[in-house]
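Asker: Please find one structure pasted underneath; my questions will follow.
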Amino acid sequence: IKVDFENAFNAILRAKVWSALCNHPKASPILKGFHWQYADSSPLLVYDSGRLFAELRSSNGVRQGCPFAGFGFALAVQPLYEAALKEAPDCNGFSIQDDFTIVGPAAQVMRAYDYLKSHAHTELGLKLVTAKCQVYLPPTITSTAQLNTIRTLCAERQLAHSQDMESLGVMFGPDANITAHCDSTVDDSQHFFTCISHPTMHTQTASLLLRYCAIPKLGYLARTVHPDLLLGPARRFD
């Protein structure tokens, strides 16, 4: 199952993040920096036609993209993830910040999901977005009775389920869907390729942009997709 939270970085309380940082044995080097960033409210300036229109004060939550916020958020939610997985001893959990994926037997996965749903808000102020959560039914499940049981568990929780799913940038499912995902990634880069191929673009600048902005996408696909399925899209990329 892929679990998604609503406005996670804005919802989580700074006090929770600060507490997580203070209690972590290896977080002391950044405490001063985090306090400097978040001890006081920070201004968000709104401009209209070049003139200052309004000033909003950021006094709650942490700022997405801030390195202090990302690290603090990860430490704050880690105990929640670990507690959920204790409800599912045969499951594995994988997370990148607020994107959390649980893999394992269906009944245990649902117990972990139920724990997250009942504790995320009370402990951290996070709200699960059921519409964005999804259960993946791998092709290894061939028993009709088992599939029906999983579908029933999903229906009870209003969870969508499918035989393909994208999680953490990786497509799971039939080979055709995986290849289509790779093709889509290459298609999304076409405008970028057109821009760096413009005759006014300096060759060295274009090369650096290609190296740092485009090649990592192909590299990630190469690490997460079977070579036979990636071959066609990779040739198009080249």
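Asker: Just need a number here: residues in segment 86-111 that are under 18 Å from the mean Cα position of the chain (by Cα), over 19 Å from ILE12 (Cα atoms) and of a type in the set (A, V, I, L, M, F, W, C).
Answerer: Residues meeting the conditions: 3.
Asker: Among what's in segment 1-46 and is among the aromatic types (Phe, Trp, Tyr) and in contact (Cβ under 8 Å) with a residue 24 or more places away in the chain, pick the residue that is nearest to ASP99 (Cα to Cα). Full working, then the answer.
Answerer: Just the residues of segment 1-46 that are among the aromatic types (Phe, Trp, Tyr), to begin with: 5, 9, 18, 34, 36, 38.
Retained after the next criterion (residues that are in contact (Cβ under 8 Å) with a residue 24 or more places away in the chain): 5, 9, 18, 34, 38.
Values: PHE5: 8, PHE9: 12, TRP18: 21, PHE34: 23, TYR38: 24 Å.
Per the stated criteria, the residue is PHE5.
Asker: If you check every pair at least six apart or on different chains, which have Cβ atoms under 7 Å apart with a residue in segment 158-180 that is on the phi < 0 side of the Ramachandran plot and in a loop (DSSP other than H, G, I, E, B) first and a residue that is open to solvent by 50 Å² or more (accessible area, probe 1.4 Å) and basic (Lys, Arg) second?
Answerer: Close Cβ pairs satisfying both conditions: none exist.
Asker: Separate question: When ALA206 is evaluated against the numbered criteria (1) open to solvent by less than 40 Å² (accessible area, probe 1.4 Å); (2) part of a helix (DSSP H, G or I); (3) touching a residue at least 12 places away in the same chain (Cβ under 8 Å), which criterion, by number, is the only one it fails?
Answerer: (3)
One line per residue, one yes/no per condition, for (1) among the aromatic types (Phe, Trp, Tyr); (2) under 17 Å from ALA120 (Cβ atoms); (3) surrounded by 15 or more Cβ atoms within 10 Å (Cβ to Cβ):
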| residue | (1), (2), (3) |
| --- | --- |
| ALA69 | no, no, yes |
| ALA76 | no, yes, yes |
| PRO79 | no, yes, no |
| ASP90 | no, no, no |
| THR101 | no, yes, yes |
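Asker: I would also like to ask the following. Give the residue that is farthest from the chain's Cα centre (by Cα), with candidates limited to residues of segment 119-144 that are open to solvent by less than 70 Å² (accessible area, probe 1.4 Å) and among the small types (Gly, Ala, Ser).
Answerer: SER143
Asker: Does LEU153 satisfy the condition of being in contact with a Cys (Cβ under 6 Å, 6 or more places away or on another chain), open to solvent by less than 50 Å² (accessible area, probe 1.4 Å) and touching a residue at least 24 places away in the same chain (Cβ under 8 Å)?
Answerer: Details: in contact with a Cys (Cβ under 6 Å, 6 or more places away or on another chain): no; open to solvent by less than 50 Å² (accessible area, probe 1.4 Å): yes; touching a residue at least 24 places away in the same chain (Cβ under 8 Å): yes.
When the stated conditions are applied, LEU153 does not pass them.
Asker: Okay, next question. Cβ-Cβ below 9 Å, separation at least six or inter-chain, first residue in segment 218-238 and farther than 10 Å from ASP183 by Cβ and aliphatic (A, V, I, L, M), second open to solvent by 80 Å² or more (accessible area, probe 1.4 Å) and part of a helix (DSSP H, G or I): which pairs?
Answerer: These pairs meet every condition: LEU229/ASP175; ALA234/PRO227.
Asker: In segment 1-45, which residue that is at negative phi, in contact with a Gly (Cβ under 9 Å, 6 or more places away or on another chain) and not aliphatic (A, V, I, L, M) is surrounded by the fewest Cβ atoms within 10 Å (Cβ to Cβ)?
Answerer: This residue is ASN10.
Asker: Out of everything in segment 181-203 that is out of contact with any Leu (no Cβ under 6 Å at 6 or more places or on another chain) and either open to solvent by less than 50 Å² (accessible area, probe 1.4 Å) or of a type in the set (Asp, Glu) (or both), what residue ends up being farthest from PRO233 (Cα to Cα)?
Answerer: Within segment 181-203, the match that is farthest from PRO233 (Cα to Cα) is PHE193.
Asker: Go through segment 46-65 residue by residue and tally those that are open to solvent by less than 20 Å² (accessible area, probe 1.4 Å) and among the hydrophobic types (A, V, I, L, M, F, W, C).
Answerer: Of the residues in that region, 1 qualify.
The values are calculated or read from the model by the stated rules, or taken from the named source; none is laboratory data. None of these values were measured; they are calculated from a predicted model. Every residue, glycine as well, gets a Cβ built from its backbone with ideal geometry; the counts of neighbours run over all protein chains shown. Quick note on the areas: whole protein, heavy atoms, side chains included, nothing else; ligands and nucleic acids left out. Shrake-Rupley method; radii C 1.70, N 1.55, O 1.52, S 1.80 Å.
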